Amino acid sequence: MLVKGIANAPAIEKIENGSIVTPKGFQATGLYSGVKRKRLDLGAIYCEVPASVAAVYTLNRIQAAPIKVTKESIAEAGKIQAIVVNSGNANACTGKKGLEDAYEMRKQSAQHFQIPEHYVAVTSTGVIGEFLAMDKIVPGIKQLSPNSTLEDAEAFNQAILTTDTTNKKVCFQTVVNGKTVSIGGVAKGSGMINPNMATMLSFVTTDANIESDVLQQALSNITNQTFNRITVDGDTSTNDMVVVMASGLAENEPLSPNHPDWESFYQALKETCESLAKQIARDGEGATKLIEVQVKGALTDEDAGKIAKKIVGSDLVKSAIYGTDANWGRIICAIGYSGCEINPDTIDIGIGPVQTLIQSQPTAFSEEEAKSYMELNDTVVIHVDLHLAEGSGKAWGCDLSYDYVRINAGYRT
């Protein structure tokens, strides 16, 4: 599948059977250590060379111990070679012992892979406020054996999941200096999703040759347009993290905004992050629909994004979509409390192909057609035109069903 890119830039191709081990130099694995009752719960991504790295983290002021340790690792040299992840336990709000356990995870992983400790990133996801079962984690780390097969990549995908119902993965390729550059990504996230960022972990690998500071700038900008534009339930977790590793083994000339193929790489990385973000939103706990809100005509792109996120984050809008009710009044209400500049008299709203409001005036539409659109499509698109300026933006979320309450009422038990 070809993705439309910038004019005269190399094409961006989605690789249907690609994974986080498609980029040169990367291996992965996942196994069962016993932290969870049955499912795989410990995984690793390993690069055969120290990789350039960029990362973004939760903005929750209460941050889990692994975030502190990973920040220290990356700050040491701007390189990492391995990421070790456990699921089933977040190692968050666990005090001094939790921090000691995170450091021990890093130490044991470094010894196992025979690399310096600051080349290891660690992260955890799961229940908050419980100590890690280190008697299970440490032996599990010693059994990690990354490989470059699709099966190993899938095992890693499985090992990072909590309430997710499906793996979230994607892979794109483009051309830089005549060299094929691959970008593979995986993510987990289903509930406690609200930027910035969400209860989510995402790991992206690429074989592009790019320095860490340049990669960091790109990731920070892209995150604001992708992972920071999704919401499921309005809660922001303690463990959220996106990490990008770049092996440099594609052997292109070092990438920077001045490189002639920069836009191709940047768009491929953005496509990767956007796809993963949408997959997280689609898999929201109890969700039956992905909701995409497209806003144009805003004063700025930033305002458009904020308005889109307010709409998709409204429990009333989400409930209406679940009930296949074309209640556009809930949409315009969210626009009004967005805090962004609007003209109350010039707003258009559409639900899929059905126009419900023109210039802030109700227009006759078929309730049956709108209901049928929402019933028959997995993705419900809400269109908003503010008719102010040229700003545009998108956000993604999901509907709010009875199952969301059921799942979260018994999360710990």
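The values are calculated or read from the model by the stated rules, or taken from the named source; none is laboratory data. Since this is a predicted model, take the numbers as computed values, not measurements. We place every Cβ from the backbone using ideal geometry, glycine too, and count neighbours over all the protein chains shown. Ligands, DNA and RNA are excluded from the accessible area calculation, which covers all protein heavy atoms including side chains. Shrake-Rupley method; radii C 1.70, N 1.55, O 1.52, S 1.80 Å.
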Of those in region 390-412 that are charged (D, E, K, R) and closer than 24 Å to residue 323 by Cβ, the residue modelled with the lowest pLDDT is 406
Is it true that residue 338 is over 19 Å from the mean Cα position of the chain (by Cα), farther than 28 Å from residue 18 by Cβ and free of Cβ contacts under 8 Å to residues at least 40 places away in the same chain? yes
Just need a number here: residues in region 81-91 that are touching a residue at least 40 places away in the same chain (Cβ under 8 Å) and over 20 Å from the mean Cα position of the chain (by Cα). 1
Out of (1) open to solvent by less than 20 Å² (accessible area, probe 1.4 Å); (2) among the polar types (S, T, N, Q); (3) out of contact with any Asp or Glu (no Cβ under 9 Å at 6 or more places or on another chain); (4) closer than 16 Å to residue 133 by Cβ, what's the single condition that is false for residue 108? (1)
Checked pairs for region 297-312, first in a loop (DSSP other than H, G, I, E, B), second open to solvent by 10 Å² or more (accessible area, probe 1.4 Å) and at pLDDT 95 or above, C-beta under 8 Å and 6 or more apart or across chains, list as 299/340; 299/341; 299/388; 299/389; 300/389
Within region 208-224, track down each residue that is open to solvent by less than 10 Å² (accessible area, probe 1.4 Å) and over 20 Å from the mean Cα position of the chain (by Cα). 208, 210
Looking only at region 69-89, how many residues end up being farther than 20 Å from residue 29 by Cα and touching a Gly at 6+ places or on another chain (Cβ under 8 Å)? 0
Given the condition crowded, with 16+ Cβ neighbours inside 10 Å and assigned to a strand (DSSP E or B), answer yes or no: does some residue in region 112-120 qualify? yes
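Per-residue answers, yes or no, for (1) within 21 Å of the chain's Cα centre (by Cα); (2) within 21 Å of residue 267 (Cβ to Cβ):
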residue	(1), (2)
18	yes, yes
32	no, no
52	yes, yes
56	yes, yes
61	yes, no
Per the list (1) out of contact with any helix residue (DSSP H, G or I) (no Cβ under 9 Å at 6 or more places or on another chain); (2) within 18 Å of residue 352 (Cβ to Cβ), residue check on residue 264 breaks on (2)
Restricted to region 312-329, and to residues that are open to solvent by 10 Å² or more (accessible area, probe 1.4 Å) and of a type in the set (D, E, K, R), which residue is modelled with the highest pLDDT? 325
Out of 332, 342, which single residue is more than 25 Å from residue 181 (Cα to Cα), part of a loop (DSSP other than H, G, I, E, B), hydrophobic (A, V, I, L, M, F, W, C) and open to solvent by 10 Å² or more (accessible area, probe 1.4 Å)? 342
Only listed residue being β-branched (Val, Ile, Thr) and open to solvent by less than 10 Å² (accessible area, probe 1.4 Å), chosen from 176, 138, 127: 176
With respect to residue 109, determine if the residue is assigned to a helix (DSSP H, G or I) and of a type in the set (Ser, Thr, Tyr). yes
Hey, residue 162 open to solvent by less than 20 Å² (accessible area, probe 1.4 Å), out of contact with any Asp or Glu (no Cβ under 7 Å at 6 or more places or on another chain), closer than 16 Å to residue 241 by Cβ and at pLDDT below 95 or not: no
Qualifying positions in region 253-304 - open to solvent by less than 10 Å² (accessible area, probe 1.4 Å), at pLDDT 95 or above and under 20 Å from residue 335 (Cβ atoms): 293, 295, 297, 298, 304
Among all residue pairs at least 6 apart or on different chains, which show Cβ distances below 6 Å where the first residue, located in region 380-395, is among the polar types (S, T, N, Q) and the second is surrounded by 18 or more Cβ atoms within 10 Å (Cβ to Cβ) and not in a strand (DSSP E or B)? 392/304
Tell me which of these residue 114 doesn't satisfy, since it passes every other one: (1) on the phi > 0 side of the Ramachandran plot; (2) at pLDDT below 95. (2)
Single residue of region 362-405 satisfying the filter (closer than 28 Å to residue 302 by Cβ and open to solvent by 80 Å² or more (accessible area, probe 1.4 Å)) that is nearest to the chain's Cα centre (by Cα): 394
Those residues that are within 26 Å of residue 153 (Cβ to Cβ) and hydrophobic (A, V, I, L, M, F, W, C), I need them from region 60-95; list them, please. 64, 67, 69, 74, 80, 82, 83, 84, 85, 90
